[in-house]
1. When a footprinting reagent is the concern and you count Cβ atoms within 10 Å, what order do 317, 385 take, fewest first?
2. In nm, what is the difference between 0.36 nm times the number of residues separating residue 26 and residue 333 and their Cα-Cα distance?
3. Convert each backbone phi in the range 337-344 into a coupling constant with the Karplus relation 6.51 cos²θ - 1.76 cosθ + 1.60 (shift: θ = phi - 60°), then list the ³J(HN,Hα) values in order as whole Hz, x for Gly and Pro.
4. Note the direction-averaged projected area, equal to a quarter of the hull surface, for the Cα convex hull of the range 1-149, in nm².
5. Return the FRET efficiency for the residue pair residue 396, residue 457: r is the Cβ-Cβ distance, R0 is 45 Å, and the value is rounded to the nearest 0.05.
6. For a quick check: sort 255, 403 by the number of other beta carbons within 10 angstrom, fewest at the front.
7. How many angstrom lie between the Cα centre of the range 1-30 and the Cα centre of the range 300-372?
8. Taking R0 as 45 Å, what's the FRET efficiency between residue 16 and residue 154 from their Cβ-Cβ distance, rounded to 0.05?
Amino acid sequence: MAKMWAGRFKKEADSKVNDFNSSISFDGRMYRHDILGSIAHATMLADQGIISQEDADAILDGLTEILADLNDGRLLMDPDAEDIHMFIEAELTARIGDAGKRLHTARSRNDQVALDIRLYLRDEIAEIRQLIAALVETLCQMAEEHTDTIMPGYTHLQRAQPITFGHHLMAYASMLLRDLDRLADAARRMNFCPLGSGALAGTTYPIDRNQTASLLEFEGPVMNSLDGVSDRDFCIELCSAISMIMMHLSRFSEEIILWCSWEFKFLELDDAFATGSSIMPQKKNPDVAELVRGKTGRVYGDLMTLLSMMKSLPLAYNKDMQEDKEAIFDAVDTVKICLSTFEPMLRTARVLKENMRAAAAKGFINATDCADYLTKKGVPFRDAYKITGTLVGYCVDHNLTLETLPLSEYQKLSPVFEEDVYQAIDLTTCAMTRKSLGGPAKESVCAQIAAARAQLKALAE
Ligand code: ARG
């Protein structure tokens, strides 16, 4: 098919160049947004008297039909088309004749593509936010059930102090709430309309950029036409926010993988969210969590692609920028599939409370509480720390725990120890008396859940 820009050329493009140049295989997914943008543009052109109302009506009807035909598969995209913008314009002209050729008045593909990506990503952000909100709500529900489930808290992956599973889950809820906020922020900054920037220098036609911006529900038009067509910072910002979500999911995934191992056995995944081995009959593998962890690297790659692609590009549009789409689309698709698979995997997992508690009982994670017991009875903290360290050493040598160490042994090191030490180092006491704001005590975790839900509600509005 002859190119729309064939006038200036004496030869057709080499077929390799054709394929190399074409973006329809990946920008075709923006067809709905391209059509919505064109409808707003044609409406404005008619209102401003730039095209006749009759032509505008034909364009609007034609575009609406094309949209319906693409939606239900009656019209297929031509793989040889240069891009989605050219394809829809050619199809429109084939259907309605000369009026179709007037649509591109006072517009360039440069402002058109900058518009389409924004419209497309705006919808995607809304979907990603829904998925995060659903995951945060699941975390709140699970946390509510596990405000009493004692587990070891770790530093350096060494048992450190007792917490609850609910407390641990709410840490992730907090991270995801920030992710939600970051997405809202990216969406807000992105929500300015580049349409009317033209190729780079605006237009001599009396267009109304405020009208198209408001028809398309933007905050307003982008203020500088060169900027309007040539920046992709909004893609980078979104990809960075998505990378952060993936980073959080990868940490959670890593923990789930560890918790599913025989060494931990804190969690058992539902059969529907685990996979077997082709050779080892005993295996039940956490593939979903591993894939989320793995795909995080791929999204970081997308971010690096976008940053590198934009580096040092002179103003305004350069064809390099066509490379933005595969990267940002991949990031968006990846985070969506990860979030929507991760949530039910987590929700359906069986929490092995006894194993969590047994692990908490093993690592002397109440040693700080033992030292605090002495401190509260007047022993300076540093002395209390040393006495407790000596007791732990004795227990290790004699295969005992602080719970099973006889009072007489305690008293050999300090006469301050009394029978009530056992109550003070009880794991439940240790977790439940950490009532400081943000800590693992039941009332503290309940407050965290309530705050998370309030934030969720505010961010959903
Ligand atoms: N397919 C192109 C892209 O995605 C559309 C813009 C083309 N503009 C141009 N001047 N060649 O970037």
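1. Values: 317 21, 385 18.
Ordered from fewest to most neighbouring Cβ atoms within 10 Å, 317, 385 come out as 385, 317.
2. The residue 26-residue 333 span can extend by a further 109.3 nm.
3. Coupling constants for the range 337-344: 5, 5, 4, 6, 8, 5, 4, x Hz.
4. 13.2
5. Computed FRET efficiency for residue 396 and residue 457 comes out at 0.35.
6. Fewest-to-most ranking of 255, 403: 403, 255.
7. Taking the Cα centre of each part, the range 1-30 and the range 300-372 sit 38 Å apart.
8. 0.20
Every number in this text was worked out from the coordinates using simple rules, so none of it is lab data. In this text, all values refer to a predicted model and were calculated from it rather than measured experimentally. Please note: Cβ atoms are built from the backbone with ideal geometry, for glycine as well, and neighbour counts cover all protein chains shown.
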